[in-house]
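J.: Have a look at this one before I ask anything.
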Amino acid sequence: MRHRSELGRFLLVVVPMFVVAYLALRPTIRRNAAILVTSKLEVVRGVVEEVRRTDGSLAAATPERLDEVAPEDLGFQPADVASTEPLVVSVLATEEVWTGAAKADSGACYFIRVLGPGEIERGTIPGDDCTARTASAAPAPGWPEL
């Protein structure tokens, strides 16, 4: 009986400590998740710009082409397949606009659009539909401040 009483007291102390620690660290966890996904999308943007220079158009920056030239830690999917992690980017490549969307570990979906030379739009998509198709029509007010 004494063993259960000690276990109960231990849990009454330890569980709240973990909850408080999680709540205190949650903003840092979210910020780190956002930094990872936005930095990867910026890497992808550079690869897209290189493909446009070498292949002649944004439409050439398809998931297949990006798989050939991007760093190995990145993966690419078609426009209607949702990203489920920061290292997997959903891609929509047209002549006028290239869009990539990736889901942060926090659950937020970030996107980047490459338009004309030097023209870039950034934003986030609410909800679970982290596809390039959805991102291509979403407003682009920029990424949230980190």
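No value in this document is a laboratory result; all are computed from the given coordinates. Treat the numbers as computed from the prediction; the structure is a model and nothing was measured. Here Cβ is always computed from backbone atoms with ideal geometry, including for glycine, and neighbour counts include all displayed protein chains.
J.: Would it be correct to say that Glu50 is surrounded by fewer than 13 Cβ atoms within 10 Å (Cβ to Cβ) and either over 13 Å from Ala135 (Cβ atoms) or of a type in the set (D, E, K, R) (or both)? Show your work before the answer.
T.: Working: surrounded by fewer than 13 Cβ atoms within 10 Å (Cβ to Cβ): no; either over 13 Å from Ala135 (Cβ atoms) or of a type in the set (D, E, K, R) (or both): yes.
It is false that Glu50 is surrounded by fewer than 13 Cβ atoms within 10 Å (Cβ to Cβ) and either over 13 Å from Ala135 (Cβ atoms) or of a type in the set (D, E, K, R) (or both).
J.: So is Ser90 buried (at least 23 other Cβ atoms within 10 Å of the Cβ) and of a type outside the set (D, E, K, R) or not? Spell out the reasoning first.
T.: Working: buried (at least 23 other Cβ atoms within 10 Å of the Cβ): yes; of a type outside the set (D, E, K, R): yes.
Spelling it out, Ser90 is indeed buried (at least 23 other Cβ atoms within 10 Å of the Cβ) and of a type outside the set (D, E, K, R).
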